[in-house]
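Worksheet for the structure shown next.
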Amino acid sequence: MIETERLVIRPLTCADTDAFVALHADDRVNRFVGSYTRERAQERLAGIEKQWAERGHGLCAVELKDGGAFVGRTGLQYWEQFDETELGWTFAAEVWGRGYATEAARACLDWAWDTLPVPYVTAMIRHGNTPSVRVAERLGFAPLREDDLYGAPVTVHGLNRPLG
């Protein structure tokens, strides 16, 4: 578990199914990341639990310290087809503009540098997702290449491990 000034960040589990489905049910959120049926969410969350068990990292729930509300997800996803670890973030539209995505992603990124032996981390952002590009830029990411993820074009942003 990671704590920031305003957030609690913990591994996602199958117990988060309802919150995960609700997060992705909003058309403003899912236009870039897709929606989930309950069954598909349970499969995805089981895969996240497996990644935590096998790799020691994965996607996380983000909750407010004040009240414990589930406001989004962030964390690290290993992509075997790219042999890369991606930092991602998805937040409820009601909390956009409050800096939670940057705060949570920065905490996960710091944890990644302290924990994982990766030379760089990526952020795969679908074309047109300007708010996510802004978060990536605030974190120090820069465009690395164009690629394809599940049939959708993405710009892969990269951030090298800090020196020292």
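No value in this document is a laboratory result; all are computed from the given coordinates. The structure presented is a predicted model; accordingly, all values stated were derived computationally and were not measured. Every residue, glycine among them, receives a Cβ derived from its backbone with ideal geometry; neighbour counts consider all protein chains shown.
Can H57 be described as in contact with a Phe, Trp or Tyr (Cβ under 6 Å, 6 or more places away or on another chain) and within 19 Å of A123 (Cβ to Cβ)? When the stated conditions are applied, H57 does not pass them. Here V121 fulfils each of the conditions (1) in contact with a Phe, Trp or Tyr (Cβ under 7 Å, 6 or more places away or on another chain); (2) under 10 Å from L87 (Cβ atoms); (3) not aromatic (F, W, Y) apart from (1). Only a single item in (1) in contact (Cβ under 8 Å) with a residue 24 or more places away in the chain; (2) over 25 Å from P153 (Cβ atoms) is not met by R73, and it is number (2).
For segment 5-33, enumerate the residues that are surrounded by 14 or more Cβ atoms within 10 Å (Cβ to Cβ), closer than 22 Å to I125 by Cβ and out of contact with any Gly (no Cβ under 8 Å at 6 or more places or on another chain).
First, pick out the residues of segment 5-33 that are surrounded by 14 or more Cβ atoms within 10 Å (Cβ to Cβ): 6-14, 16-17, 19-24, 29-30, 32-33.
Okay, now just the ones that are also closer than 22 Å to I125 by Cβ, so 7, 9, 12, 20, 23-24, 29-30, 32-33.
Those that are surrounded by 14 or more Cβ atoms within 10 Å (Cβ to Cβ), closer than 22 Å to I125 by Cβ and out of contact with any Gly (no Cβ under 8 Å at 6 or more places or on another chain): L7, F20, V29, N30, V33.
Of all residues in segment 12-39, exactly one satisfies the criterion of being β-branched (V, I, T), assigned to a loop (DSSP other than H, G, I, E, B) and farther than 25 Å from T85 by Cβ, namely T37. The one condition from (1) assigned to a strand (DSSP E or B); (2) without any contact (Cβ under 8 Å) to a residue 40 or more places away in the chain that G47 does not meet is (1). Is there a residue in segment 3-23 that is in contact with a Ser or Thr (Cβ under 6 Å, 6 or more places away or on another chain), free of Cβ contacts under 8 Å to residues at least 40 places away in the same chain and on the phi < 0 side of the Ramachandran plot? Within segment 3-23 (the criterion being in contact with a Ser or Thr (Cβ under 6 Å, 6 or more places away or on another chain), free of Cβ contacts under 8 Å to residues at least 40 places away in the same chain and on the phi < 0 side of the Ramachandran plot), the answer is no, since none of the residues qualifies.
Would segment 82-100 turn up any residue that is surrounded by fewer than 12 Cβ atoms within 10 Å (Cβ to Cβ) and within 21 Å of F141 (Cα to Cα)? The answer is yes, given that some residue of segment 82-100 is surrounded by fewer than 12 Cβ atoms within 10 Å (Cβ to Cβ) and within 21 Å of F141 (Cα to Cα). Screening L64 against (1) surrounded by 20 or more Cβ atoms within 10 Å (Cβ to Cβ); (2) more than 15 Å from the chain's Cα centre (by Cα) leaves a single unmet condition, (1).
Taken as a whole, the structure places A112 among residues that are part of a helix (DSSP H, G or I), more than 11 Å from the chain's Cα centre (by Cα), touching a residue at least 24 places away in the same chain (Cβ under 8 Å) and surrounded by 15 or more Cβ atoms within 10 Å (Cβ to Cβ). Among all residues of segment 136-148, there is at least one that is of a type in the set (G, A, S), assigned to a strand (DSSP E or B), free of Cβ contacts under 8 Å to residues at least 60 places away in the same chain and surrounded by fewer than 16 Cβ atoms within 10 Å (Cβ to Cβ).
Let me confirm something: among G128, G158, which residue is assigned to a loop (DSSP other than H, G, I, E, B), farther than 20 Å from Y100 by Cα and touching a residue at least 12 places away in the same chain (Cβ under 8 Å)?
Residue meeting the stated conditions: G128.
Would you mind stating whether Q42 is surrounded by fewer than 20 Cβ atoms within 10 Å (Cβ to Cβ) and not in a helix (DSSP H, G or I)? In short, no. Report yes if some residue within segment 89-98 is part of a helix (DSSP H, G or I) and out of contact with any strand residue (DSSP E or B) (no Cβ under 7 Å at 6 or more places or on another chain); otherwise report no. Yes, segment 89-98 contains a residue that is part of a helix (DSSP H, G or I) and out of contact with any strand residue (DSSP E or B) (no Cβ under 7 Å at 6 or more places or on another chain).
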